[in-house]
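Okay, so here's the structure we're looking at.
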Amino acid sequence: MKIIVAVKRVVDYNVKVRVKGDGTGVDIASVKMSMNPFDEIAVEEAVRLKEKGVATEVIAVSAGVAQCQETLRTAMAIGADRGILVETAAELQPLAVAKLLKALVDKEQPGLIILGKQAVDDDANQTGQMLAALADLPQATFASKVEVCGDKVNVTREVDGGLETLSLSTPAVITTDLRLNEPRYVTLPNIMKAKRKPLVIVKPEDLGVDATPRLKTLKVSEPAGRKAGVKVPDVATLVDKLRNEAKVI
Ligand code: AMP
């Protein structure tokens, strides 16, 4: 069984982004970029399935600028066998990425497609769901456990009330939650090995996909600063303020 893993190049989660002066977006010039953390978990899960003998090949896919090749090399250093970059300098929204992935799913015929539950830059939490709809495949989002049993995959999901386990027929789409696994550290020998793994570059047009954005960002602004708090002398004043000022009790 082949597994496709989607890996997005995003602003590193430790970076505090700043809104551009003209309010058109956030300033990402010269900030550190990394693989989306949920996608690292997705690659780790796919590689573990290969190490268990369940998967035969792990294909990492990224869509975006030429530098996404670095993200694909990281995925290959974790253990993916090959990489596909869908290269474009244009803005990519979740629907466009889902269409690109659908085209690659049609071509590669994987048994599983694993994505992160959300990208930490746009926080959309849409691509996996859109891919499942476009490809007409079963989906399990927010996975915290994945077990492949024959032509079924059992996925435990984190839901509001606790845990839910779904049994899906493959091929299927899975999106990863934080507690699915802890990705391994990438070692230097594996980084060197990853440089020799195959990486193919295609364009959205090669896949017959129109990746034009459908949404327009009107304005991006900083959240309002927090106001300073006040100290109250006793519990009675606190209760009075909660009741009459904040009106929360
Ligand atoms: P989103 O719907 O944007 O929150 O992204 C959810 C997941 O879709 C990410 O964690 C990735 O696995 C995948 N994804 C989104 N955009 C891209 C991209 N440009 N390249 C590769 N994978 C992506």
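Values quoted throughout were computed directly from the atomic coordinates according to the rules given, and no laboratory measurement underlies them. Everything numeric in this text was worked out from a predicted model, so none of it was measured. In this analysis, Cβ positions are derived from the backbone assuming ideal geometry, glycine residues included, and neighbour counts consider all displayed protein chains.
Relative contact order, percent, of the stretch 2-244 when contacts are C-alpha pairs under 8 Å separated by at least 6 residues?
Computed value for the stretch 2-244: 24 percent relative contact order.
Rank by packing, highest mean first: peptides 56-65, 84-93, with packing defined as the count of other Cβ atoms within 10 Å averaged across residues. Before the final figure, lay out the partial values.
Values: 56-65: 22.7, 84-93: 17.9.
In decreasing order of mean packing, 56-65, 84-93 become 56-65, 84-93.
What list do you get for Glu158, Glu44 if you sort them by fewest beta carbons within 10 Å?
Details: Glu158 17, Glu44 21.
Ranked by crowding around the Cβ, least crowded first: Glu158, Glu44.
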Mean-square fluctuation maximum in Gaussian network of the chain, Cα pairs under 10 Å, restricted to Val97, Val17, Val155, hits Val17
Taking other Cβ within 10 Å of each residue's Cβ, how do Phe38, Phe142 sort, fewest first? Phe142, Phe38
Which residues does the label zone of Ala89 cover in the stretch 19-42, counting backbone N under 16 Å from a point 7 Å along Cα→Cβ? 29-30
Anything over 31 Å Cα to Cα? Flag those among Lys32/Lys216; Lys32/Lys195; Lys107/Lys193; Lys16/Lys102; Lys117/Lys241, in the order listed. Lys16/Lys102; Lys117/Lys241
Radius of gyration and Dmax for the stretch 2-244's Cα atoms, expressed in Å? 20.7, 70
Neighbour-count ranking [beta-carbon atoms within 10 angstrom, fewest first] of Cys68, Cys149: Cys149, Cys68
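Using 1/(1 + (r/R0)^6) with R0 = 35 angstrom and r between the beta carbons of Leu242 and Leu215, what's the FRET efficiency to the nearest 0.05?
Details: r = 40 Å, r/R0 = 1.14.
Between Leu242 and Leu215 the formula returns 0.30.
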Förster radius 25 Å - calculated FRET efficiency between Thr170 and Val200 (Cβ-Cβ, nearest 0.05): 0.55
Taking only Cα atoms and a 10 Å spring cutoff, compute GNM fluctuations for the chain and point out the largest among Val209, Val148, Val235. Val235
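If you take every DSSP beta bridge whose two residues both sit in the chain, what share of them, in percent to the nearest 5, is antiparallel?
On the way: 19 of 45 bridges.
DSSP beta bridges in the chain are roughly 40 percent antiparallel.
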Using a Cα-Cα cut-off of under 19 Å, which lysines could be cross-linked to Lys52, ignoring same-chain neighbours fewer than 8 residues away? Lys2, Lys145, Lys152
Can you give me the long-range amide H partners of Asn125? Hydrogens built in the peptide plane at 1.01 Å from N, cutoff under 5 Å, separation of 5 or more residues or another chain. Ala119
